[in-house]
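Below: the structure, in structure tokens.
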Amino acid sequence: SLEPYLDLYRATGAKRYLDAAQGGWELYHNNWEHIGGSIAICEGDTYEPKSYYLHRHTGELCGSVFWMRYNQRFHLLYPDQEKYVNEIEKSIYNVVLANQVGTRGIRYHANLVGKKDASTPICTNSCCEGQGTSGIGSIPEYLYSLAKDGLYLDMYAGSTITWRQGNATLEAHTTTDFPLKPDVRIRFSVSQPTRSKLRIRVPEWATKEMPILVNGKQTVIGKPGAYAVLDRTWKEGDTLAFTLPMGFRLTPYSGAEQSSKTRYALEYGPILMAVTGQVDDQGNAQLDFPADDLVKRLKPVAGQPLHYVIEGDTHHTCLPY
């Protein structure tokens, strides 16, 4: 019901339609979004603003696919505002991919406490099965976006894009193992030397400013939550490289399900982390040390990127949700 306001705005230019669409974005983002990006509502129940229930059906996959599409449309209207791509990125890693169960099916909810849903059997025609398939299939759309004067690098994945600018054909080939590793390298191929603006997203979750190298020399420093711009004449074989400043963030739970102990969410870059192992009868994992000690107790597991043991705790491990 919110998306048509953007259609009406594009068709008429009437600002009231854009105001309505932006108001809907703010409602979702400020009142019904869990840490990690899943949407804190679901059909069939009531979810008051900022309730953020953990033990009700919540994080419905349909809601996150809609949220990706909605943010994509805002990104195309306002391509220099990094926040829209940040929302898409969280939705992909922490809901869309997390709710795919191999080749067996798709989960309905992104549960944050207890166990994950069993997969929905294939071909039951559930809303989340259909929207989840659409969401997975649309992922390549979010990596880059084109402008009249160049290219936006929005997200990071091994990929290649070819585009026309004036009379020239340009190709950017991205090599990376993100999010398992933070290094990104891009090699350019051009039919002729061509001036083009390359805008590189520096995510708001970046822990510090990000130096960007062209042909091995630092050329620009990007700030978190913005796009770094390289406006230059690109030649065959030019290379660009940077390392995304990833780090852990610990956020206390704020919502309707308060208890005698404070709950926390742990993120690494855009990735929502999960604690697995021993739990109480409600599915809660309890750690017997101050929350502020958690990050410094995390020790990487050899051969398993983003998997950690917890020093001094043999009952739990930490890994991407």
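The values are calculated or read from the model by the stated rules, or taken from the named source; none is laboratory data. Everything quoted here is computed from the prediction, not taken from an experiment. So basically every Cβ, Gly included, is an ideal-geometry build from the backbone, and we count neighbours across all protein chains shown. Keep in mind that these areas ignore ligands, DNA and RNA; they rest on the heavy atoms of the full protein, side chains included. Shrake-Rupley method; radii C 1.70, N 1.55, O 1.52, S 1.80 Å.
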Report the semi-axes of the equivalent ellipsoid for region 243-318 in whole Å, largest first, where each axis is √(5λ) for an eigenvalue λ of the Cα gyration tensor. 21, 16, 11
Straight distance only, please: which lysines reach the Cα of LYS50 with their own Cα at less than 18 Å, same-chain residues fewer than 8 apart left out? none
The chain: most fluctuating residue of ALA14, ALA256, ALA291 per GNM, C-alpha cutoff 10 Å: ALA14
With every protein chain in place, what's the accessible area of ILE161 (1.4 Å probe, Å², nearest 10)? 30 Å²
At 7 Å along the Cα-to-beta-carbon direction for both SER1 and LYS50, put a label point, then send me their distance in nm to one decimal. 2.3 nm
Give me a comma-separated list of calculated 3J(HN,Hα) values for region 213-224, in order, Karplus coefficients 6.51, -1.76, 1.60 applied at θ = phi - 60°, integers in Hz, x for any Gly or Pro. 9, 10, 6, x, 10, 4, 10, 8, 10, x, 9, x
Over all distinct Cα pairs, what is the inverse of the mean 1/r for region 185-321, reported as the Kirkwood hydrodynamic radius in Å? 18.1 Å
Would you mind working out the magnitude of the charge dipole of the chain relative to its Cα centre, with +1 at each Lys and Arg C-beta and -1 at each Asp and Glu C-beta, to the nearest 20 Debye? 960 debye
Between ASN215 and GLN81, what is the label-point separation in nm under the 7 Å Cα-to-beta-carbon projection? 3.8 nm
Computed from the coordinates I sent, volume of the Cα convex hull per residue in Å³ equals one of (1) 439; (2) 162; (3) 217. Tell me the label. (2)
Here the percent of antiparallel bridges among DSSP beta bridges lying wholly in the chain, to the nearest 5, is 95 percent
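Could you look at the chain and say what percent of its accessible area is carbon and sulfur, using a 1.4 Å probe and all protein chains?
51 percent
For ASN125 and ARG16, FRET efficiency with R0 = 41 Å and r from the beta-carbon atoms, rounded to 0.05?
0.65
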Describe numerically, in nm with one decimal, the distance between label points set 7 Å from Cα along Cα→Cβ at GLU204 and at ASN167. 4.4 nm
Mean shadow area of region 64-179, taken as a quarter of the surface of its Cα convex hull (nm²): 8.7 nm²
For region 157-171, what does the Karplus curve 6.51 cos²θ - 1.76 cosθ + 1.60, with θ = phi - 60°, yield as ³J(HN,Hα) per residue in whole Hz, taken in order and with x for Gly and Pro? 7, x, 6, 9, 10, 10, 8, 9, 9, x, 9, 10, 10, 10, 9
Filter LYS181/LYS235; LYS181/LYS223; LYS208/LYS235; LYS90/LYS181 down to the pairs with a C-alpha to C-alpha distance above 26 Å, please. LYS181/LYS235; LYS208/LYS235
Could you give each residue of region 79-87 its phi-based ³J(HN,Hα) in whole Hz, using Karplus coefficients 6.51, -1.76, 1.60 with θ = phi - 60°, and x for Gly or Pro? x, 8, 8, 5, 4, 5, 5, 4, 5
Region 111-238 - convex hull of alpha carbons, volume per residue in Å³: 155 Å³
Largest to smallest accessible area among THR233, THR174, THR239 [probe 1.4 Å]: THR233, THR239, THR174
Calculate how steeply helix 61-77 sits against the longest principal axis of the alpha-carbon atoms of the chain, using the helix alpha-carbon long axis, and give the answer as 0 to 90 degrees to the nearest 10. 30 degrees
Which one of SER64, VAL190, ASN284 has its Cα pushed farthest toward the positive end of the charge dipole of the chain, where Lys and Arg give +1 and Asp and Glu give -1 at the Cβ? VAL190
Quick shape summary for region 11-110, equivalent ellipsoid via Cα gyration tensor, semi-axes whole Å in descending order, reads 25, 17, 11
